[in-house]
1. Considering only residues that are open to solvent by less than 10 Å² (accessible area, probe 1.4 Å) and assigned to a strand (DSSP E or B), look in the stretch B:103-131 and name the one that is farthest from the other protein chains (Cβ to nearest Cβ).
2. List the residue pairs whose Cβ atoms are under 8 Å apart, where the first residue sits in the stretch B:530-546 and is over 15 Å from B:ALA391 (Cα atoms), the second is open to solvent by 40 Å² or more (accessible area, probe 1.4 Å) and not in a helix (DSSP H, G or I), and the two are 6 or more positions apart or on different chains.
3. If I filter the stretch A:101-121 down to residues being hydrophobic (A, V, I, L, M, F, W, C) and over 13 Å from A:GLN34 (Cα atoms), which single residue comes out as least open to solvent (accessible area, probe 1.4 Å)?
4. Going by the structure shown, is A:TYR166 of a type in the set (Phe, Trp, Tyr) and either within 25 Å of A:ALA208 (Cβ to Cβ) or within 11 Å of chain B (Cβ to nearest Cβ) (or both)?
5. Name every residue in the stretch B:215-232 that is in contact with a Phe, Trp or Tyr (Cβ under 6 Å, 6 or more places away or on another chain), part of a helix (DSSP H, G or I) and within 9 Å of another protein chain (Cβ to nearest Cβ), in order of residue number.
6. Within the stretch B:40-53, is there a residue that is within 12 Å of another protein chain (Cβ to nearest Cβ), within 29 Å of the chain's Cα centre (by Cα), modelled with pLDDT under 85 and surrounded by fewer than 17 Cβ atoms within 10 Å (Cβ to Cβ)?
7. Please determine whether any residue of the stretch B:78-96 is part of a helix (DSSP H, G or I), open to solvent by 50 Å² or more (accessible area, probe 1.4 Å), within 24 Å of B:THR112 (Cβ to Cβ) and at pLDDT 90 or above.
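The values are calculated or read from the model by the stated rules, or taken from the named source; none is laboratory data. Small disclaimer: the values here were computed from a predicted structure and weren't measured. Glycine also receives a Cβ, built like all others from the backbone with ideal geometry; neighbour counts cover every protein chain displayed. We work out accessible area using only protein heavy atoms, side chains counted, and drop any ligands, DNA or RNA first. Shrake-Rupley method; radii C 1.70, N 1.55, O 1.52, S 1.80 Å.
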Amino acid sequence: MTNSYWLLALLVVPLVGAAAVMLVPRANERLAKQLALVVSLVVFGLTVAMCAQFVVAQAADFQFVYSVSWISSYNINFALGVDGIALVLIALSTSLVPVVLLAGWHEADGARGSVRGYVALILVLEAAMVGVFAATDLFLFYVFFEAMLVPVYFLIGRYGGPRRNYAAVKFLLYSLFGGLLMLASLLGLYVVSGDITGHGTFDFTQLAALANQIPPDTQKWLFVGFFVAFAIKAPLVPFHTWLPDAAAESTPGTAVLLVGVLDKVGTFGMLRYCLELFPGASHWATPLVIVLAVAGIIYGALQAIGQSDIKRLIAYTSVSHFGFIALGVFVMTTQGQSGSALYMVNHGFSTAALFLIAGFLISRRGSRLVDDFGGVQKVAPILAGTFLVAGMSSLALPGLSSFVSEFLVLVGTFERYTWVGVVATLGIVLAALYILLMYQRTMTGPTPDVVTEKVHDLRGREVLAIAPLLVVIVALGFYPKPVLDVVNPAVDRVMHAVGATDPAPQVAPVAEGTAK
Amino acid sequence: MSPFSGAVTRAAEAVPTAVAASGTFQLIWLLIALPLAGAAILLLAGRRSDRWGHWLGVLASTASFVVAVVLFVGLLGESADQRTITQHLFDWIAVGTFDVPVDLRLDQLSMTFVLLITGVGTLIHVYSVGYMSHDRDRRRFFGYLNLFVASMLLLVLADNYLLLYVGWEGVGLASYLLIGFWYFKDTAAVASKKAFVVNRVGDVGLSLAVMIMFVTFGSVTFDGVLGSASQASEQSLTWIGLALLLAAAGKSAQFPLQSWLLDAMEGPTPVSALIHAATMVTAGVYLIVRSGAIFDAAPAARTAVIVVGAITLLMGAIIGCAKDDIKKALAGSTMSQIGYMILAAGLGPVGYSFAIFHLLLHGFFKADMFLGAGSVMHGMNDQVNMRRYGALRTVMKVTWITFACGWLAILGVPPFAGFYSKDKIIEAAFSVSTAAGIVTLLGAGITAFYMTRLFAMTFHGEARWHDDAHPHESPWIMMFPVAVLALLSAVAGFVLNYNNMFVDWLEPVTHGVEPSLSVAGWVVPTTALVLVAIGAALAWIPYATRPVPLVAPAGNLLTRAARADLYGDAVNEAVFMRPGQYLTRWLVWFDNRVVDGVVNGTAATIGGLSGRTRRLQTGFVRSYALSMLGGAAVVAAALVLVRL
């Protein structure tokens, strides 16, 4: 089988770009930023070109496969490939990077670290994100999974807010802890696969084929290692407390990549690795995961309502949204899982918009506290308007992208677990509260003098960065088909692997176009 | 056996066969696209379009109305059973068997709404050109109005419940934006948020209804759900019905989700007329009538609908009696009138047509009166306190006469509009349940009281104006739309009732049946008129012939309760808001101290990592190295194990 170089290119170009950026003289910050932006746009262009080559009809199979032997004595391959779900997540990652670079043009100015270091770290992170979604060898996946931590650690620790060190270390240790559990399970899996077939493997497809031969108790132990790592990454309640700290202390751009993309590795991992590698254990764990997920939806939303710091508030809305995503994965219906996959993409865009616009607002006023704002709409109508659209997407307003995914998750839940679906649906009321309370308290009412003085409307560069996000939010709200078309076959594969089928309706549906 | 089950006589084939759109009917999508484009241009172009923006808004709405008329003429050209046209636009969401297209459905019911929305909508657009002429954000106002019209059209034209949901929430968004149009006022900002959140509670109902539909029928399209309703279990249908009722209660301000509507009067008056009287708030009635096939087979859900309608009917009327703020009095009246419609819709096939008939006529006369109130406010420095009005008939003749048309219409004085629809609702109510009948009759009497009170306090009696008030008639651009609505209030009922024209038009959708009464035909209308006369007289004497005190007297227990909106807000505050605030405050403490405390405590115990930043800074490299080392050790150990 011939190797495809698309994915390798997506990995290598940002790394080379990062190296090139580091060669730019430290003082020439502008050039470093411009170079990084160009590199990220090239990567984005490559992604678009690659997506155009993707065969939708075979979206359940890994495409653009690249595989070379890496550590042959342990049968470890440097193996890349994407199914429909990984494809859309890579597209999400590479489209957010240029947005983040453009929006955060001055984010690193005056920070402890250099500007070129900042943009280079973002490019390194981009490579790691592509790698983690593209890896089809579990060992390689683990390597990328841990490698992602390094750039993020430095992005938070060197460029973040006042409590950046605390937040960065907390993030790192929490993630390492999860990573180690996963590593243990991973190695266990290798051993088990060796026991079954005679030669151990890390290859995902081979391991998935063995899934049903692993003894149930072993499956459960291995499952737990993977699941806890993903539940920390995603994060699910009660493993979530690192997220508000990390998101609040990082720059808006870092927060976008952290919450919008990195955390998706957790839910992506649940969907692909937990379910397909350990189908029996997944069914065994389902009740607990569903309880955690629904608790997360409600708990995260209530936390968001109670926050006084805008960035922490947005971070908690994401805890609530991750609850929805995990719920959709584990209800084991096609609607739930496709909804979750789509949710990962939509949440990336809408949270990016929220974090970036909040960042614009915060940097102008010099405060993250909701109470330090008021009446911003009067002095900055474009900022307020875009914030409202982003907020409406976060509360899943029908017509915007999040609605489609959230409703799919809800309907997918409801068809299997009626009352869980009902409780999760209550989340939509809380979502309205946390978004609109924040909007009311920051954007409306009389404008205090200090706000009039400091807050000015969005400038051209900022509008240019935000506009594509809003366009995607609206476009995917009315036409999610391109994403769903590539996601659905991959979800069918997962459903098949876990041996789940959708419940049938009570009344046999009337065939399309049949007259009554 | 429910007392209402006898009312169901609907044939098994509940949904008429749909015809794919061809010829003129391919224009259906334009109805929505035109105002949507208007909204997009006005909101994206920003201040650049300030000079001409309002005219673009009027143009977009008018163009949509013209398309509506063309389509209406087209429908009239078809035979009655060929008047259900569907247009497929594109595939929307398809996952497994959950397959939802973006399809539109034009039939007698949606056509009626389309004409009401675009017709009254356009008149109110024109009115707003004058009313908002001094507002520096007039363009934004028209952008929102266009957005509203587009969303409302999507709501009534959608061919499945999920697409309907998009319109449903779209009008909610427009309502939110318009209630909070004067965002710099805290009261407006709070009222708009409240409206959205309360509506979201209703949306839970709509979401659940769609989910139960999918689980029951494997479909959420009108054909798929309504066409198979007879095959589903009564239990499923009852749950769907109750969930739809919750949705309707939110959007239509019905008990127990009524509290947002009175606050919504914070929005500019044309908004109150269009959204919070004539169109959006009636969406709940549309939803129930549209879903008739479900309610027909779910008597318990129908009973619930009737009860909710009856309670709101009385609540709204009682609140309307006590308010001195002209807009709030009208808002109470709107609640009450929609209560009539909801109640009628709950009666089943005897009521559906009259619910829609009343909805249409109410759209005319309530918009007429709200715009009249706006004209009064325009001439009185935005004064809304009716105790500061009086004798305005002398200086605002056109407003007075046009308002009188609306007043007579809502009272149900023949031949004005309300007579033809409200009377039918009362008859239909009696044919199903005496209790429901009595409530509607009682409501008619109270309606006469509060509307006469409002009319008399505003236009009759003595002038009680502030010294700086110089009331004057509003410009023609405002009064022309009002005059058209006044004319419709005066004659539309008579005309549309002629030869049973309107009810027959709707028949293929509503399968209406004539109510059968055990008393002679003249008894109900006569009783109603007597009650109306008594109610009107009780209000006219104190408020038109005697001096009205400038400060409201203390009033009895009921008056005080009515002024406080029958304590709806007090209950919400005590039961939801305050406990909710305590809960979130406690939870934030819990998350920071307990959940995160455990995490940090564990970390401190394991890695000697304390919460103190200083130590973290110095200790970091070591702990990181230690972790890496630990990881490497595990890897090595495992690899060795594998070899063994």
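1. Among them, the one singled out is B:LEU106.
2. B:VAL532/B:VAL413
3. Narrowing the stretch A:101-121 to residues hydrophobic (A, V, I, L, M, F, W, C): A:101-103, A:105, A:108, A:111, A:115, A:119-121.
Adding the requirement that they be over 13 Å from A:GLN34 (Cα atoms) leaves A:108, A:111, A:121.
Values: A:ALA108: 4, A:ALA111: 34, A:LEU121: 35 Å².
In this case the residue turns out to be A:ALA108.
4. Working: of a type in the set (Phe, Trp, Tyr): yes; either within 25 Å of A:ALA208 (Cβ to Cβ) or within 11 Å of chain B (Cβ to nearest Cβ) (or both): yes.
Taking the combined requirement at face value, the residue satisfies it.
5. Going through the stretch B:215-232, the residues in contact with a Phe, Trp or Tyr (Cβ under 6 Å, 6 or more places away or on another chain) turn out to be B:220, B:224-225, B:228.
When the remaining residues are screened for being part of a helix (DSSP H, G or I), the result is B:224-225.
The answer is B:GLY224, and nothing else.
6. Yes.
7. Among the residues of the stretch B:78-96, not one is part of a helix (DSSP H, G or I), open to solvent by 50 Å² or more (accessible area, probe 1.4 Å), within 24 Å of B:THR112 (Cβ to Cβ) and at pLDDT 90 or above, which makes the answer no.
Matching residues to (1) modelled with pLDDT of 95 or more; (2) surrounded by fewer than 22 Cβ atoms within 10 Å (Cβ to Cβ); (3) more than 7 Å from chain B (Cβ to nearest Cβ):
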| position | (1), (2), (3) |
| --- | --- |
| A:SER405 | yes, no, yes |
| A:VAL409 | yes, no, yes |
| A:LEU430 | no, no, yes |
| A:MET438 | no, no, yes |
| A:THR442 | no, no, yes |
| A:VAL450 | no, yes, yes |
| A:GLU453 | no, yes, yes |
| A:HIS456 | no, yes, yes |
